[in-house]
Amino acid sequence: MSVTHTYTLANGYKIPVVGFGTWQSKDGEEAYNSVKWALESGYRHIDTAEAYGNEDSIGRAIKDSGIARKDLFITTKLWGTNSYEEASAALEKSLKDLQVDYVDLFLIHWPNPKAFRPDFVTRNANIWKAMEDGVKAGKVHSIGVSNFHERHLLPLLEVAEIKPVVNQILVNPSDQQLDIVEFNKAHDILTEAYSPLGTGKIFGVKELQDLAKKYGKSVAQIVLNWQLEKGYLPLPKSIHAERIAQNVDIFDFKLEADDIERIDGLHGKAGLAKNPDEVDF
Ligand SMILES: NC(=O)c1ccc[n+]([C@@H]2O[C@H](COP(=O)([O-])OP(=O)(O)OC[C@H]3O[C@@H](n4cnc5c(N)ncnc54)[C@H](OP(=O)(O)O)[C@@H]3O)[C@@H](O)[C@H]2O)c1
């Protein structure tokens, strides 16, 4: 396996097994350089979102790389939209900022934002329709969701003409959200693992430091290798060239079964995922 190895989504599109995260990469040189370094290190899958406020810097880095569009996989996400019209307009803005004719994957960022909480089911159905029309117009290849639990996915699956093929959720050794992972699997939905390094908190876990010593690897490499072993699609983020390269130098070792089990047992050691029905945004 390598960084350009792919999983196949339920709709037949291929998706590189590691994506590059860009949340909290500041718009401007920081986001531009990190994506530039990621592409130079071999990543071909970039994860961004309207809410990250850095799509234009990412678009510039992609364009300047000279890499053919067909060889890249670009994901973006819808944030505070509540209607068909708002979602359609948000897609147009993302395409313009990213300087692309289509995105590979378009996600609903959160299922139940505070402002729409009384009626999230209708809100999600309305914006899903706009996403489906984006697919029909050739502006999007695949559509999916993020931070959805079974109670959010079930009503969406009832009205979806085009099924979600991805659910991007927080997954790292400290919170593996196995109930959602199992639900995803049962519905042919790929689990993308966001915050695979616990937004930096995973580095303080003693058991992982010990494993890093044992294998002569970094904690990040141990955790990302474990993610792939589990069949997840990790999205590590960094703004440092050396770490960006290190986070895809993860294919030349195999964790022993006992060590995988040890990592499976680290629940809660570096924080838990947020409950989407209680988030304050
Ligand atoms: N859908 C959602 O709601 C959602 C939510 C959160 C995240 N995401 C996606 O998932 C991506 C990753 O999650 P995340 O941003 O929370 O963080 P993460 O990838 O779990 O961790 C990133 C943190 O770890 C540090 N780091 C990265 N590689 C390292 C290494 N090899 N050695 C030491 N430190 C290292 C980074 O520092 P430096 O940057 O300073 O190097 C940063 O502080 C996001 O960027 C975003 O694309 C999605």
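Computed from the coordinates by the stated procedures, all read-outs in this text should not be read as laboratory data. For clarity, every value in this text was computed on a predicted model and none was experimentally measured. Here Cβ is always computed from backbone atoms with ideal geometry, including for glycine, and neighbour counts include all displayed protein chains.
Given LYS70/LYS230; LYS213/LYS269; LYS70/LYS136, which pairs have Cα atoms separated by over 21 Å? Show your work: numbers first, answer last.
Working: LYS70/LYS230 28 Å; LYS213/LYS269 19 Å; LYS70/LYS136 19 Å.
Exceeds cut-off: LYS70/LYS230.
For the chain, calculate the relative contact order in percent as a whole number, restricting contacts to Cα pairs under 8 Å that are 6 or more residues apart.
Working: 515 pairs, mean separation 55.2, N = 281.
Dividing the mean separation by the residue count of the chain yields 20 percent.
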- Note, ³J(HN,Hα) from phi for the range 43-56, Karplus 6.51, -1.76, 1.60, rounded to Hz, x at Gly and Pro: 4, 10, 10, 10, 10, 9, 6, 3, 5, 6, x, 10, 5, 6
- Assuming a ≥ b ≥ c are the square roots of the Cα gyration tensor eigenvalues, decide whether the range 118-174 counts as rounded (a/c under 1.5), prolate (otherwise, with a/b larger than b/c) or oblate. oblate
- Note on the structure: Residues whose modelled amide H sits under 5 Å from the amide H of SER142, counting only those 5 or more places away in sequence or on another chain, are LEU105, PHE106
- Ordered by residue, what ³J(HN,Hα) values in Hz, to whole numbers, does the range 267-274 give under the Karplus form 6.51 cos²θ - 1.76 cosθ + 1.60, where θ = phi - 60° and Gly and Pro are x? 3, x, 6, 9, x, 10, 5, 6
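Taking a ≥ b ≥ c as the square roots of the eigenvalues of the Cα gyration tensor of the range 6-264, is the shape rounded (a/c under 1.5), prolate (a/b larger than b/c) or oblate?
On the way: a/c = 1.90, a/b = 1.31, b/c = 1.44.
Judged from the Cα gyration tensor, the range 6-264 comes out oblate (a/c at least 1.5, b/c at or above a/b).
Can you compute the helix-only [θ] at 222 nm over the chain? Use -39500 (n - 2.57) per DSSP H run of at least 4 residues, normalise by all residues, nearest 500 deg cm²/dmol.
Details: 10 runs with 109 residues, N = 281.
Helix-only estimate at 222 nm: -11500 deg cm²/dmol.
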- Message: Over the Cα atoms of the range 225-277, what radius of gyration and what Dmax do you get, in Å?
- Response: 13.6, 40
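Taking every DSSP beta bridge that has both residues in the range 6-264, what percent is antiparallel when rounded to the nearest 5? If you can, show how the numbers build up before the last one.
Details: 4 of 28 bridges.
Among the beta bridges of the range 6-264, antiparallel pairing accounts for roughly 15 percent.
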- Message: Taking each pair of distinct Cα atoms in the range 49-139 once, what is the resulting Kirkwood hydrodynamic radius in Å?
- Response: 13.6 Å
- Using a 10 Å cut-off on Cβ atoms, rank the peptides 143-149, 101-107 from the highest mean neighbour count down. 143-149, 101-107
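Quick check on packing: order 217-223, 135-141, 16-22 by the mean number of other C-beta atoms within 10 Å, highest mean leading. Intermediate results must be reported in sequence, preceding the final value.
Details: 217-223: 22.3, 135-141: 15.4, 16-22: 25.6.
Going by the mean number of other Cβ atoms within 10 Å, highest first, we get 16-22, 217-223, 135-141.
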- Distribution output for the range 1-83: share of Cα-Cα pairs per 5 Å bin in percent, first bin at 0, values 3, 15, 25, 23, 17, 12, 4, 1, 0
- Query: Alpha carbon centre of the range 137-165 versus the range 46-63: separation in Å?
  - Reply: 22 Å
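Over 32 Å between Cα atoms: which of LYS139/LYS217; LYS26/LYS114; LYS26/LYS217; LYS114/LYS206 fall into that group?
Values: LYS139/LYS217 41 Å; LYS26/LYS114 25 Å; LYS26/LYS217 29 Å; LYS114/LYS206 36 Å.
Among LYS139/LYS217; LYS26/LYS114; LYS26/LYS217; LYS114/LYS206, the Cα-Cα distance tops 32 Å for LYS139/LYS217; LYS114/LYS206.
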- Task: Compute the Cα gyration tensor for the range 43-95, then decide on rounded, prolate or oblate, letting a ≥ b ≥ c be the square roots of its eigenvalues: rounded whenever a/c is under 1.5, prolate when a/b is larger than b/c in the other cases, and oblate in all that remain.
- Result: prolate
- Task: Go through the range 227-235 residue by residue and turn each phi into a ³J(HN,Hα) via Karplus (6.51, -1.76, 1.60, θ = phi - 60°); whole Hz please, and just put x for glycine and proline.
- Result: 4, 5, 4, 7, x, 8, 10, x, 10
